[in-house]
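Here, each number is a calculation from the coordinates, and none is a lab measurement. Model, not experiment: these values are computed from the prediction. Here the Cβ positions follow ideal geometry from the backbone for every residue, glycine too, while neighbour counts run over all protein chains shown.
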Amino acid sequence: MLRALTIVILAAWLSLSLNTKGLTAENSSKAQNGRTVPVTILSIIPSQAEPGSSVTLYGSGFNDNLRAFLGNTEVTARVMGPRQLVFQIPALSPGLYALYIRRGDGMTSKVYNFSVIPLKPVVDGLSPDRVLACAEGQDREVEIIGSNFQERSRVLFDGAIVKSRNLSPEAISVAVPKVAGGLHNIQVKNPGDALSSVMALFIDSMPEITSVSRGEESVNYYNLIIEGKNFQTTSVVLVDGKRLSASSPNMYERERVVFKDCTTLVYERHPYDTAPKSFTVQVLNADGQESSVVQVTAP
């Protein structure tokens, strides 16, 4: 009789063990007593995000036959276990959406509000990141390189919207306005006021002399051609310390400077004799920036 009792107990233990092992992620929505476990969302991380971001739900009653929804849009979800689910936000417009999950048996979780925030543009760099102050036309074009750019994206230059051309979701071309030299801020703004981080653009306004050469000759003077960059109509040329201005020439001085463009100044020099003489030339701009001093040998 003792032996028969032992066999009964052993059989019961084996049956309980097999039933316990049979509970998997697929049937975890059923309790051992046969009652259905409700689908419950306990936490949503993060509680708001932009399209393309991953969202993790923690809760209970999950199984492999779950579907997740944002409003009327079903999102692709991956069940990571009986208590965790992950999905990616599709390309939805910014706004508030009803978030819930539905199990294969028809049971639906409580509905929660989820905010889809505007897609934030990303700026990785500028090409080029330095522009000459006197540059014109295409030489003032800068390409903004990044991601998440949209057809209605706009470019902010020092906080103000400037003319731009959208090339692709990864590139925008912008015409740099005529501004003072130095560092300036560039940002991309997407619809919904999503702003990228600030990228710095340097406007190079420092005058520079690259060469000084003799040009056209007249009876009592000849031209010295000063070539370089960032010359202005108000630039002053110092010749051995004597100031000559293109904007306001001295009517009592025979020598003068003629502004051709931002790369060329013409110095009309009246020598005392034809013997070569050594002298210095320097260009000063109205904003206080000055070129290096260049040594010249000429009559």
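Note on region 258-278: residues that are within 46 Å of the chain's Cα centre (by Cα) and either exposed (fewer than 12 other Cβ atoms within 10 Å of the Cβ) or not in a strand (DSSP E or B) (or both) amount to 3.
Whenever a residue of region 56-70 is acidic (Asp, Glu), it has no partner that is surrounded by 20 or more Cβ atoms within 10 Å (Cβ to Cβ) and in a loop (DSSP other than H, G, I, E, B) lying with C-beta atoms less than 6 angstrom away and at least six residues away or across chains.
Among the residues of region 198-221, the one identified as more than 28 Å from residue 289 (Cα to Cα), touching a strand residue (DSSP E or B) at 6+ places or on another chain (Cβ under 6 Å) and not charged (D, E, K, R) is 221. Taken over region 279-293, the criterion of being outside any loop (DSSP other than H, G, I, E, B), within 15 Å of residue 246 (Cα to Cα) and among the polar types (S, T, N, Q) is satisfied by 282 alone.
Considering only residues that are surrounded by fewer than 17 Cβ atoms within 10 Å (Cβ to Cβ) and within 16 Å of residue 113 (Cα to Cα), which ones fall in region 52-74? Step through it out loud before you land on a result.
So in region 52-74, the residues surrounded by fewer than 17 Cβ atoms within 10 Å (Cβ to Cβ) come out as 52-54, 56, 58, 60, 64-65, 67, 71-74.
Hits for region 52-74 are 56, 58, 71, 72, 73, 74.
In region 81-97, the residue that is farthest from residue 58 (Cα to Cα) out of those that are touching a strand residue (DSSP E or B) at 6+ places or on another chain (Cβ under 7 Å) and of a type in the set (A, V, I, L, M, F, W, C) is 92.
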